[in-house]
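This report concerns only the one structure given below.
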Amino acid sequence: MQRSPMSTRNAELAQWVEEVARLTRPDRIQWCDGSEAEDERLIDQMLDSGELIRLNEKTHPGCYLHRSDPADVARVEHLTFVCTEQEADAGPNNHWMAPGDAREKMLGLFEGCMEGRTLYVVPYCMGPVASPLSRCGVEITDSPYVVVNMRRMTRMGKAALERIERGDSFVKGLHSTGELDPERRFIMHFPESLEIMSYGSGYGGNALLGKKCHALRIASYQARTEGWLAEHMLIVGIENPQGETHYVAAAFPSACGKTNLAMLIPPESHQGWKIWTVGDDIAWLHPGKDGRLWAINPEAGYFGVVPGTSPKTNPNAYEMITRDTIFTNVAVTEDNQPWWEGKKDGQPAHDWQGRPWNPDSGKAAAHPNSRFTVSATQNPSQSPEAEAPAGVPISAIMFGGRRRDLAPLVFEARDWNHGVLVGAGMASETTAAATGAQGVVRRDPMAMKPFCGYNFADYFSHWLNVGAKLDKPPRIFHVNWFRQDAEDNFIWPGFGENLRVLRWVLDRCHGNASAVETPIGFLPTLDAIDQEGLSMKDGAMEELLSVDEALWQSEMTGIGDFFDQFGERIPEALMEEFRRVVEALGND
Ligand code: GDP
Ligand code: PGA
Ligand code: MN
Ligand code: MN
């Protein structure tokens, strides 16, 4: 077996790599240092093997296309497990397997699976390397595509390894693309021993183990024992014309607008406003000594939804992905430029599987969950605070989802505990980010249904406890950009115009925006959201800000049924909030 020179002084890591190599039997072991030269070598190698295709070098320098296996295009929630000793600790919100059984199953799959392949050792740090809030991991993988993605998504290589060698504990993640057989595909998490085993998929959320597996499932479990929160949230700074910046964190389910909100460009009518991106998918939130909640983004890049990205909807992102970007499962034009639905430029010649494009087929040319991978440093709106070791202070938390009706454009919770109920009661229409039916409303508390590494009832208790520790907790809001009319048109223009809602949110935090109290919380008065320069149909704002009490009563019944499955473990303080809202709806 060949080995690359870099190895490690950390005995635990060295021994684990040895063990894995004995099990998986690779031809070569390569320790990844995260350098540009290493990245270039891997890209060249994948261009040779066909795993990557070079895109038009004039229009898209440094951009490559990866076509995945057609049956491996999204997260697979039904094959994702949390393996705690006690089944009840994983909760009814997770698929569970006993750790011993899961380990045995996975060892069977991994046995000899790297024969003829290279085993890559990928040390990474989630969060700024200098931050005490950051956490390390090592992913062992046989996929060069994973390595080049990890380099863009995390602080990978030498600096991370040094942190581990100075004594940081690390999450052990073992990954192999295996034979990509959906029947032999499992994503297993062992939060009690900080381990991940992922077999049979090369797709981002299943294979880039720093992201969903580590920074959400394992970290949420760790965060609970350590007194912080690991959340599926973007972090965005909003600078007003006076030059003051305030930070908002927002949890929306996958493909419900996080990346877009985090990179928003203010509309024409908002001269002097600026948006600063700290993170677009994951936030680690820590109670600070000053009684506020502080956030870091554990990631260093974006794995974003491509379709819908246009110069009109998201000019920042559109510009950002014209260079040094890895595209997965987009279509291509005749002259080899990437193409996707909603791009508003060019015509596809070949679809995401490389087949000649037939415009009459009625099918999308790019996969609806096609993705871009890009370093955050390419984002024109990247926050100067993105590397701050202490993170940024959070003024407001927003929960939100995709609801064609029911949920108003925005409302504010009465206080932290009511806000926890608003988050716990969230629901959203499913999207292409996970396999399975799309457009079905499902309960997705805090947008964490696929990502909470333990029992949701304990998670809700933890949220209540964190709030109780904060002297100045963020205010909590709920938003919905996705209300539709009878003809299926979105009522709210969304995208850049969402800044108008952010302004009301921040004005509420500073005590100078008007609101009316309703059974579900505080809604803006009809004139409270600035509508200057906004074109909407007559009556649109009334509709966006209405509360249909009959619909809300049945929603509360649904939330109650959802809570029931957690039995006695559901915290009483949450049920108190629940009963108060139900009663208020009944009395009106
Ligand atoms: P994420 O997966 O949560 O980061 O979501 P994205 O920001 O990537 O958006 C997912 C999809 O929703 C894309 O097709 C976007 O164009 C679309 N989208 C994002 N924000 C809005 C919005 O404010 N209004 C509407 N109608 N669509 C949006
Ligand atoms: P998203 O991230 O939230 O940007 O869609 C990927 C995912 O959740 O699968
Ligand atoms: Mn996500
Ligand atoms: Mn995103």
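The values are calculated or read from the model by the stated rules, or taken from the named source; none is laboratory data. Keep in mind the model is a prediction, meaning the values are calculated, not measured. Here the Cβ positions follow ideal geometry from the backbone for every residue, glycine too, while neighbour counts run over all protein chains shown. These area figures cover heavy atoms from the full protein model, side chains too; ligands, DNA and RNA do not enter into them. Shrake-Rupley method; radii C 1.70, N 1.55, O 1.52, S 1.80 Å.
How big is the dipole moment of the range 1-119 about its Cα centre under a simple scheme where the beta carbon of each Lys and Arg is +1, that of each Asp and Glu is -1, and everything else is neutral? Debye, nearest 20, please. Walk me through the numbers before you get to the answer.
Values: 13 positive and 23 negative charges, 53 e Å.
The dipole of the range 1-119 has a size of about 260 debye.
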- Message: Checking the a/c ratio against 1.5 first, then a/b against b/c, what shape does the Cα gyration tensor give for the range 516-588?
- Response: prolate
- Item | C-alpha center-to-center spacing [the range 54-80, the range 509-523] in angstrom | 44
- Net charge near His270: determine it from the other residues with C-beta under 13 Å of the C-beta of His270, scoring Lys and Arg +1 and Asp and Glu -1. -2
- Item | Anchor Lys274: lysines whose Cα lies under 22 Å away (excluding residues fewer than 8 positions away in-chain) | Lys258, Lys312
- Message: I'd like to check one number: the per residue accessible area of the chain, probe 1.4 Å, reported in Å² as a whole number.
- Response: 38
- Message: With 32 Å as the cut-off, how large is the P(r) tail for the chain, expressed as percent of Cα-Cα pairs?
- Response: 45
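Which order do peptides 215-226, 55-66, 545-556 fall in by mean Cβ count within 10 Å, highest first? List each step's numbers first, then the result.
On the way: 215-226: 22.4, 55-66: 17.2, 545-556: 15.2.
Those peptides, ordered most packed to least, come out 215-226, 55-66, 545-556.
State the extension gain, in nm to one decimal, for the chain segment bounded by Lys289 and Asp168, taking 0.36 nm per residue of separation less the distance between their alpha-carbons. Before the final figure, lay out the partial values.
Numbers: separation 121, 0.36 × 121 = 43.56 nm, distance 2.32 nm.
Here the answer is 41.2 nm.
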- Query: Ranked from the most accessible area to the least, with a 1.4 Å probe and all protein chains present, what is the order of Phe190, Phe495?
  - Reply: Phe495, Phe190
- Size of charge dipole - the range 185-332 - debye, nearest 20, with Cβ of Lys, Arg +1 and Asp, Glu -1, no other charges: 280
- Measuring from centroid to centroid over Cα atoms, what is the spacing of the range 299-366 and the range 199-231 in Å? 28
- Pair Asp415, Asn465: separation of 7 Å Cα→Cβ label points (nm): 2.0
- The ³J(HN,Hα) series, computed from each phi in the range 512-528 with the Karplus coefficients 6.51, -1.76 and 1.60 at θ = phi - 60°, rounded to the nearest Hz and given as x for glycine or proline, is 10, 9, 8, 8, 10, 7, 10, x, 8, x, 8, 10, x, 5, 4, 9, 6
- Based on DSSP H runs of at least 4 residues, each adding -39500 (n - 2.57), what is the mean residue ellipticity at 222 nm of the chain after dividing by all its residues, to the nearest 500 deg cm²/dmol? -8000 deg cm²/dmol
- Round to a whole angstrom and tell me the spacing of the C-alpha centers of the range 381-422 and the range 424-465. 15
- Message: Sorting check: for 317-326, 530-539, which peptide has the highest mean count of neighbouring beta carbons within 10 Å, and how do the rest follow?
- Response: 317-326, 530-539
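Using a/c under 1.5 as the rounded threshold, could you call the range 40-103 rounded, prolate or oblate? The axes a ≥ b ≥ c are square roots of the C-alpha gyration tensor eigenvalues, and prolate needs a/b larger than b/c, oblate otherwise.
On the way: a/c = 3.93, a/b = 3.08, b/c = 1.28.
Verdict is prolate for the range 40-103.
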- Task: Sequence neighbours fewer than 8 away in the same chain don't count; with that in mind, list the lysines whose C-alpha is under 24 Å from Lys472.
- Result: Lys289
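Count the DSSP beta bridges whose two residues both fall in the chain, then state the antiparallel fraction as a percent rounded to the nearest 5. Each step should come with its number before you reach the end.
Working: 61 of 97 bridges.
Counting only bridges with both partners in the chain, antiparallel ones make up about 65 percent.
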- Task: Would you please put 15-21, 239-245, 171-177 in order of how densely packed they are, using the mean number of other Cβ atoms within 10 angstrom per residue and starting with the highest?
- Result: 171-177, 15-21, 239-245
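Carbon and sulfur together cover what percent of the accessible area of the range 131-273 at a 1.4 Å probe radius? Can you show the working numbers first?
On the way: 1720 of 3740 Å².
About 46 percent, which is the carbon plus sulfur part of the accessible surface.
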- Which Cα, out of Pro493, Ala437, His478, lies furthest along the positive dipole direction of the range 421-508 (beta carbon charges, K/R +1, D/E -1)? His478
- Task: With label points built 7 Å along Cα→Cβ from the Cα atoms of Ala98 and Gln353, find their separation and express it in nm.
- Result: 4.1
- Total charge of the residues flanking Glu542 in space, meaning their Cβ is under 15 Å from its Cβ, with Lys and Arg +1 and Asp and Glu -1, is -4
- Query: To the nearest 20 debye, what is the magnitude of the charge dipole of the chain about its Cα centre, counting +1 on the Cβ of each Lys and Arg and -1 on the Cβ of each Asp and Glu?
  - Reply: 1040
- Item | 9 Å beta-carbon shell around Val171, net charge (K/R +1, D/E -1) | 0
